[in-house]
Amino acid sequence: MSQTEFRRLYETVFPILYRVAFRIANSEVAAEDLCQDAFFRLLEKNMKFPSPDDAKYWLIRVVKNAALNYVKRKDRERKAYQKAFREDARTTETGEIEVIRKETKADVQEALKKLPENLRMVLILKEYADMNYKEIGRVLGISEGNVKVRVFRARTRLSSLLQETVEPPRGV
């Protein structure tokens, strides 16, 4: 891969990779690092692809998997720290608007985490990476029709999960 081709690939694909990594890892620094690592792997292995799209889809898969591993590792670290230091995981904020904003964002993130991985990934790629159904299908190795079904199911489940957090259980 020539330097010009690499630069063009980097400039076009990095924003997509960053959005995917950020939505999964929920950290700007981690997302940037994960994206850079993916490009380093591409260069290190001196990989050749039939088309720039193939390279793009390979990079998205690499970043997706690296971000999922990052989240698992961070969760294990957090649990270990909490156990070791008996940390209180709750935080208190000042300002009603800020609290509501953070709670809403947290509710969406928690509901997203509750979705099965196959539904969560199509939703992340569709909503946060701004990918179309065909591209998502190529990244995940499934048909475009299957992607559409999964996006619909993911949105439906996410909506009902969010509804559960808004409405208190009956009889309470």
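Derivation of every value follows stated rules applied to the coordinates shown; laboratory data play no part. Note that the structure is predicted; figures quoted are calculated from it, not measured. Note that we place each Cβ from the backbone using ideal geometry, even for glycine, and neighbour counts take in every protein chain shown.
Which translational diffusion coefficient, to the nearest whole µm²/s, is obtained for the range 1-90 from the Stokes-Einstein equation, given a Kirkwood hydrodynamic radius over C-alpha pairs, 20 °C and 1.002 mPa s?
150 µm²/s
Would you mind estimating how fast the chain diffuses translationally, via Stokes-Einstein at 25 °C and 0.890 mPa s with the Kirkwood radius over Cα pairs, in µm²/s?
136 µm²/s
Between residue 152 and residue 104, what is the FRET efficiency for a Förster distance of 22 Å, r being their Cβ-Cβ separation, to the nearest 0.05?
0.40
When the chain is fully extended, how far beyond the present Cα-Cα distance does residue 118 get from residue 130, taking 0.36 nm per residue of separation?
Here the answer is 2.6 nm.
Would you mind getting me the FRET efficiency between residue 143 and residue 32? Use the beta-carbon distance for r and R0 = 45 Å, nearest 0.05.
The computed FRET efficiency comes out at 0.85.
Could you work out how much longer the chain between residue 164 and residue 45 gets when fully extended? Use 0.36 nm per residue separation minus the Cα distance between them, nm to one decimal.
Between residue 164 and residue 45, full extension yields 38.1 nm more.
For the chain, which longest stretch is free of loop sites, where a loop site is one of the GluC sites (Glu not before Pro) that DSSP puts outside H, G, I, E and B and that has at most 16 other Cβ atoms within 10 Å?
Free of exposed loop sites, the longest segment is 1-86.
For a quick check, take a GNM of the chain with Cα springs below 10 Å and name the residue from 78, 153, 120 with the largest mean-square fluctuation.
Looking only at 78, 153, 120, the largest GNM fluctuation is found for 78.
log₁₀ I(q)/I(0) of the range 91-172 at q = 0.16, 0.24, 0.27 Å⁻¹, via Debye over equal Cα point scatterers, no solvent, to two decimals?
Each listed q corresponds, in turn, to -0.68, -1.07, -1.22.
Which one of 47, 131, 121 has the biggest mean-square fluctuation once the chain is modelled by GNM with Cα springs under 10 Å?
Highest fluctuation among the options: 47.
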